[in-house]
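Take a look at the structure set out below.
Taken together, the values in this text are just the output of simple stated rules run on the coordinates, not laboratory data. What you see is a predicted model; the values in this text were computed from it and never measured.
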């Protein structure tokens, strides 16, 4: 299986949470497209594509659990420089500028998309990586400190938690 699925299962076992794996077929993804476009109020191919997994997971959560609030990782790549561009940016300042641009635009794209898709199933979205205190603190660090290091994206976040023994 996927390394992400294996890691998620390991974390769930470690913290004692109930774990559900949602694996869907291409046909299930295609069947959801009309609903996704309706709830997004957009046919933008990038937004629609990015919504399929979240839509199907949200549908499952709504029908199969009593959870109402869901946490997602939206914003982590933009704030903590997790995209490939940041590895190849010409300078720390260029990466910093792009990170700020992406963060300033998030509400119009990724956050709006995620909110609409989860709300379609009666769920409330929480975005811990976009908490204003976290973003302000992280963005106040020097640009060269926030860049990917040693080929590792979101390096600073990973480093900050690497010695805390919070996750397996």
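Kirkwood Rh and Cα-based Rg: tell me the resulting Rg over Rh for the stretch 108-168, rounded to two decimals.
On the Cα set of the stretch 108-168, Rg over Rh gives 1.07.
Cα convex hull, the chain: 142 Å³ per residue, rounded to a whole number.
Across the alpha-carbon set of the stretch 77-118, the Rg to Rh ratio works out to 1.07, Rh being the Kirkwood radius.
By the helix-only formula, in which each DSSP H run with n ≥ 4 contributes -39500 (n - 2.57) and the sum is divided by residues, the chain has a 222 nm mean residue ellipticity of -17000 deg cm²/dmol. Can you tell me which of 148, 26, 128 moves the most in a GNM of the chain? Springs connect C-alpha atoms under 10 Å apart. Comparing 148, 26, 128 in a Gaussian network model of the chain, the most mobile one is 26.
The spacing between the stretch 99-129 and the stretch 1-45, judged by their C-alpha centroids, is 16 Å.
State the volume of the convex hull built on the alpha-carbon positions of the stretch 25-105, expressed per residue in Å³ and rounded to an integer. The partial results should precede the final answer.
Working: hull volume 10.6 nm³, N = 81.
Convex hull of Cα atoms, per residue: 131 Å³.
In the stretch 1-61, the ratio of gyration radius to Kirkwood radius, Rg to Rh, stands at 1.07 when only Cα atoms are counted.
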